[in-house]
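In what follows, a single structure is set out as structure tokens and then discussed.
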Amino acid sequence: PSGLGGQAVLGLLLGAVWSPCGGPTLGAAILLASESKSLALASLVMLAYGLGAGVPLAALGFLSRETLMRVRGNLLGFGKAMKAAMGALLIVLGALMLSGADKVLEGKLVAASPAWLTELTTRY
């Protein structure tokens with residue numbers, strides 16, 4: 001939608017979609033900043049988080065509508081192809097689970113992984 005009202009609705013939707021992804025990351029950044037020994041280091045952590053979260057969103061916001069509409073077809077085609085690929089992957093994974101072959105594959109992957117990775121993933 002065009003106009004200020006449409007942009008406000010789009011911003012609300014973006015916030016609703018982004019919150020589940022950005023919230024845990026923000027929590028981790030706050031935890032990291034709270035554990036720092038100095039205010040300067042805590043400020044630097046929060047600045048890095050703010051830039052990492054804000055710069056991509058600002059870049060998208062500054063792109064013109066014409067630019068977005070020009071690449072829209074390519075993005076839709078890519079999305080359709082990725083949806084089909086993910087569907088095929090889920091079918092393969094389902095077949096592996098039903099046959100029990102997923103456990104065999106998991107065992108081989110654990111045996112091939114470095115010891116530090118196995119220790120890290122099974123520590124907690």
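The values are calculated or read from the model by the stated rules, or taken from the named source; none is laboratory data. Every value quoted in this text rests on a predicted model; they were computed, and no experiment measured them. Please note: Cβ atoms are built from the backbone with ideal geometry, for glycine as well, and neighbour counts cover all protein chains shown. Each accessible area value is taken on the protein alone, full model and side chains, heavy atoms only, with ligands, DNA and RNA left out. Shrake-Rupley method; radii C 1.70, N 1.55, O 1.52, S 1.80 Å.
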Self-check item: Read-out Rg and Dmax of the Cα atoms in Å, derived from the coordinates shown; its label in (i) 21.7, 58; (ii) 13.2, 37; (iii) 15.0, 51
Solution: (i)
Practice problem: Have a look at 46, 96, 81 and report the one farthest towards the positive end of the charge dipole of the chain, computed about the Cα centre with Cβ charges (Lys/Arg +1, Asp/Glu -1). | Solution: 81
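When only the heavy atoms of the protein chains count and the probe is 1.4 Å, how do 121, 67 rank by accessible area, highest first?
121, 67
For the full complex of protein chains and a 1.4 angstrom probe, list 36, 43, 99 by accessible area with the highest value first. Spell out each step's value before the answer.
Values: 36 30, 43 65, 99 85 Å².
Accessible-area ranking of 36, 43, 99, largest first: 99, 43, 36.
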Exercise. Please state the charge dipole magnitude for the chain, taken about the Cα centre, from unit charges on C-beta atoms (+1 on K and R, -1 on D and E), reported in debye and rounded to the nearest 20.
Key: 320
